[in-house]
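Asks: Below is one structure. I have some questions about it.
The values are calculated or read from the model by the stated rules, or taken from the named source; none is laboratory data. Predicted model only: the values in this text are computed from it and were never measured. In this analysis, Cβ positions are derived from the backbone assuming ideal geometry, glycine residues included, and neighbour counts consider all displayed protein chains.
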Amino acid sequence: MSDIRPFQALRPKREFAEKIAALPYDVYDTEEARQIVSANSFSFLAIDRPEVNFEVGHDIYGKEVYEKASSLLGDWINEGRFVKDDKPCFYVYSMTFLGRTQTGIVGCFAIDDYLNGTIKKHENTREDKEIDRINHVYACSAQTGPIFLAYRANETIYNITQKAMTKAPVYDFVTEQGVTEKVYIIDDDYDIKGIVSAFDKIRHIYIADGHHRCASAVKVGLKKREENPGYTGEEEFNYCLSVLFPEDELYIMDYNRVVKDLNGLTYKMFLEKLGECFEVSESEGAVKPLSKGTFGMFLNRKWYVLKAKPKILSDDPVKGLDVSILQDYVLDPVLGIKNPKTDERIDFVGGIRGLGELERRVLDGCEVAFSMHPTSMRELFAVADKDMLMPPKSTWFEPKLLSGLFIHEI
């Protein structure tokens, strides 16, 4: 069953929380992170993207870059920007965005649960991205970005969470993105045991977002085990920082696609090829698909509706995904995009940017854009439960977890 435990979080003093908390490191490129840190020297991106502390052009993966992250973290601790709770606690992390609230438990999961499949994934990871976070976690001796996990809703956990939220939050602020962030502490021994016991009865927990952070944290833990052959399993490096949300509160947005060319086809030829597997009709306005098997397409300044014909639909957990249908019947055979992870002709646009961003990208040099119906939590669970993997860029969770609010020292 699931081994979830409390921990002594290193976290910002109340007066610094809003200034320190930052979106995950992988939301930004180096230049964007540099601009944010320049405007706010307290931003945790200074530690999460430590290359911003060096001159433009410096090797962002150099050993000295990771050493800088470690030294900065130490400096900030010594300056009194952070506090550490007196005992291992759980924390309630509430996020309200666009009228919806999701409430998670901040705690740590055992790396053995990742290794034995209790923690299930739905995406592959890239080695180069893993190495970056491995070096960062190892240099800092800390996990600084929580892994976004989902579990099937549990009444006991819900009740303890609601009880904790009757107290005053330790943090309460609104981000620039319009997300209301609140944090509460669960330090009552009875409630802590209740959460541990409830998760112990949950068979599987699922990675929603943060596959690279997860794989990297686990590999650092394994490296620490090699360095400490007498380890007991209780050491902090055997556990990974996470926020666990009930699946019925989570919101997956569409993850849309734009393609730079039509693979040598004219508009007429392209539409004819699409007609072999889809019912194609022109739309008077932008298309936000409301049902599975339906796609929007912006081409030559026009919006179209593409409806998959029954012959290409599948009950297979992966082949039946809309992202798979688009890849298998449009992107690969028609547009020649064999590997969307490496092909530079395709780009991915999170639904948070809206359909207007798809139009802008096409009018600004791309040839075609596809709007998608969001992958559901049910589909994510079905794929993970079969130990299968989704195509890349299948899910876009919103809002994103902030880094810097909770640090797990290992």
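Asks: Being assigned to a loop (DSSP other than H, G, I, E, B), touching a Lys or Arg at 6+ places or on another chain (Cβ under 7 Å) and of a type outside the set (A, V, I, L, M): is that true of Phe16 here? Quick ask: steps written out before the conclusion?
Replies: Values: assigned to a loop (DSSP other than H, G, I, E, B): no; touching a Lys or Arg at 6+ places or on another chain (Cβ under 7 Å): yes; of a type outside the set (A, V, I, L, M): yes.
So Phe16 fails the test.
Asks: Please work out which one of (1) surrounded by fewer than 21 Cβ atoms within 10 Å (Cβ to Cβ); (2) over 31 Å from the mean Cα position of the chain (by Cα); (3) more than 20 Å from Arg345 (Cβ to Cβ); (4) of a type in the set (Phe, Trp, Tyr) is the condition Tyr267 fails and give its number.
Replies: (3)
Asks: Could you tell me whether the stretch 153-165 includes any residue that is in contact with a Pro (Cβ under 8 Å, 6 or more places away or on another chain), exposed (fewer than 14 other Cβ atoms within 10 Å of the Cβ) and over 16 Å from Phe90 (Cα atoms)?
Replies: As a first pass, look at the stretch 153-165 and keep what is in contact with a Pro (Cβ under 8 Å, 6 or more places away or on another chain): 153-154, 157-158.
Among the residues that remain, those that are also exposed (fewer than 14 other Cβ atoms within 10 Å of the Cβ) are: 153.
Checking which are over 16 Å from Phe90 (Cα atoms) leaves us with 153.
Yes - at least one qualifying residue is present in the stretch 153-165.
Asks: Across the stretch 184-209, which residue is nearest to Phe406 (Cα to Cα) among those that are buried (at least 18 other Cβ atoms within 10 Å of the Cβ) and of a type in the set (Phe, Trp, Tyr)?
Replies: Residue satisfying both the conditions and the ranking: Tyr184.
Asks: Return the only residue of Lys182, Lys224, Lys167, Lys193 being in contact with a helix residue (DSSP H, G or I) (Cβ under 9 Å, 6 or more places away or on another chain) and either within 18 Å of Leu115 (Cα to Cα) or not β-branched (Val, Ile, Thr) (or both).
Replies: Matching residue, one of Lys182, Lys224, Lys167, Lys193: Lys224.
Asks: Of all the residues that make up the stretch 103-149, how many are in contact with a Leu (Cβ under 6 Å, 6 or more places away or on another chain), in a strand (DSSP E or B) and under 16 Å from Ile252 (Cα atoms)?
Replies: Number of matching residues: 3.
Asks: Something else: Any idea how many residues of the stretch 313-372 are outside any helix (DSSP H, G or I), under 21 Å from the mean Cα position of the chain (by Cα), of a type in the set (Ser, Thr, Tyr) and surrounded by fewer than 21 Cβ atoms within 10 Å (Cβ to Cβ)?
Replies: Count: 1.
Asks: Name the residue that is farthest from Val183 (Cα to Cα), counting only residues in the stretch 379-398 that are part of a loop (DSSP other than H, G, I, E, B) and touching a Ser or Thr at 6+ places or on another chain (Cβ under 8 Å). Before the answer, list the steps.
Replies: Filtering the stretch 379-398 for residues part of a loop (DSSP other than H, G, I, E, B) gives 386-395, 398.
Now narrow it down to the ones that are touching a Ser or Thr at 6+ places or on another chain (Cβ under 8 Å): 390-391, 394-395.
On the way: Met390: 32, Pro391: 34, Ser394: 29, Thr395: 26 Å.
Within the stretch 379-398, the match that is farthest from Val183 (Cα to Cα) is Pro391.
Asks: Contact list please: Cβ distance under 9 Å, first residue in the stretch 185-208 and within 14 Å of Cys108 (Cα to Cα) and assigned to a loop (DSSP other than H, G, I, E, B), second residue basic (Lys, Arg) and modelled with pLDDT under 95, pairs at least six apart or on different chains.
Replies: Partner pairs satisfying both residue conditions: none exist.
Asks: Select, from Glu64, Glu51, Glu32, the only residue that is crowded, with 17+ Cβ neighbours inside 10 Å, assigned to a helix (DSSP H, G or I), of a type in the set (Asp, Glu) and assigned by TED's automatic domain parsing to the domain that holds Ile192.
Replies: Values: Glu64 fails: crowded, with 17+ Cβ neighbours inside 10 Å; Glu32 fails: crowded, with 17+ Cβ neighbours inside 10 Å.
From the options Glu64, Glu51, Glu32, the qualifying one is Glu51.
Asks: What single numbered condition from (1) free of Cβ contacts under 8 Å to residues at least 12 places away in the same chain; (2) assigned by TED's automatic domain parsing to the domain that holds Val287 fails to hold for Val349?
Replies: Of the numbered conditions (1) free of Cβ contacts under 8 Å to residues at least 12 places away in the same chain; (2) assigned by TED's automatic domain parsing to the domain that holds Val287, the odd one out for Val349 is (1).
Asks: Take Phe42 and tell me if it is over 19 Å from Val174 (Cα atoms), surrounded by 14 or more Cβ atoms within 10 Å (Cβ to Cβ) and not assigned by TED's automatic domain parsing to the domain that holds Val349.
Replies: Numbers: over 19 Å from Val174 (Cα atoms): no; surrounded by 14 or more Cβ atoms within 10 Å (Cβ to Cβ): yes; not assigned by TED's automatic domain parsing to the domain that holds Val349: yes.
When the stated conditions are applied, Phe42 does not pass them.
Asks: Let me ask you something else. Specify which of the listed residues (Met95, Met1) is over 23 Å from the mean Cα position of the chain (by Cα) and within 26 Å of Leu149 (Cβ to Cβ). So that I can check it myself, show each step before the final result.
Replies: Values: Met95 fails: over 23 Å from the mean Cα position of the chain (by Cα).
Only one candidate qualifies: Met1.
Asks: At pLDDT below 95, closer than 30 Å to Tyr138 by Cβ, assigned to a helix (DSSP H, G or I) and not aliphatic (A, V, I, L, M): does that describe Arg213? Let's see the steps before the verdict.
Replies: On the way: at pLDDT below 95: yes; closer than 30 Å to Tyr138 by Cβ: yes; assigned to a helix (DSSP H, G or I): yes; not aliphatic (A, V, I, L, M): yes.
So Arg213 passes the test.
Asks: So which residues in the stretch 67-91 are hydrophobic (A, V, I, L, M, F, W, C) and part of a helix (DSSP H, G or I), if there are any at all?
Replies: Taking the stretch 67-91 first, the residues hydrophobic (A, V, I, L, M, F, W, C) are 69, 72-73, 76-77, 82-83, 89-90.
Result: Ala69, Leu72, Leu73, Trp76, Ile77.
Asks: Could you identify the single residue in Val106, Val92, Val83 that is within 30 Å of Gln162 (Cα to Cα), surrounded by fewer than 17 Cβ atoms within 10 Å (Cβ to Cβ), in contact with a strand residue (DSSP E or B) (Cβ under 8 Å, 6 or more places away or on another chain) and among the hydrophobic types (A, V, I, L, M, F, W, C)? Working first, answer last.
Replies: Working: Val106 fails: surrounded by fewer than 17 Cβ atoms within 10 Å (Cβ to Cβ); Val92 fails: surrounded by fewer than 17 Cβ atoms within 10 Å (Cβ to Cβ).
Going through Val106, Val92, Val83 in turn, the sole match is Val83.
Asks: If you don't mind, another one. Taking the stretch 250-273 on its own, how many of its residues are modelled with pLDDT under 95 and either of a type in the set (A, V, I, L, M, F, W, C) or in a helix (DSSP H, G or I) (or both)?
Replies: Matching residues across the stretch 250-273 total 3.
Asks: Given the criterion out of contact with any helix residue (DSSP H, G or I) (no Cβ under 6 Å at 6 or more places or on another chain), of a type in the set (Phe, Trp, Tyr) and closer than 30 Å to Cys108 by Cβ, identify the matching residue among Tyr304, Tyr267, Tyr239, Tyr231.
Replies: Working: Tyr304 fails: closer than 30 Å to Cys108 by Cβ; Tyr267 fails: closer than 30 Å to Cys108 by Cβ; Tyr231 fails: out of contact with any helix residue (DSSP H, G or I) (no Cβ under 6 Å at 6 or more places or on another chain).
Among Tyr304, Tyr267, Tyr239, Tyr231, only Tyr239 is out of contact with any helix residue (DSSP H, G or I) (no Cβ under 6 Å at 6 or more places or on another chain), of a type in the set (Phe, Trp, Tyr) and closer than 30 Å to Cys108 by Cβ.
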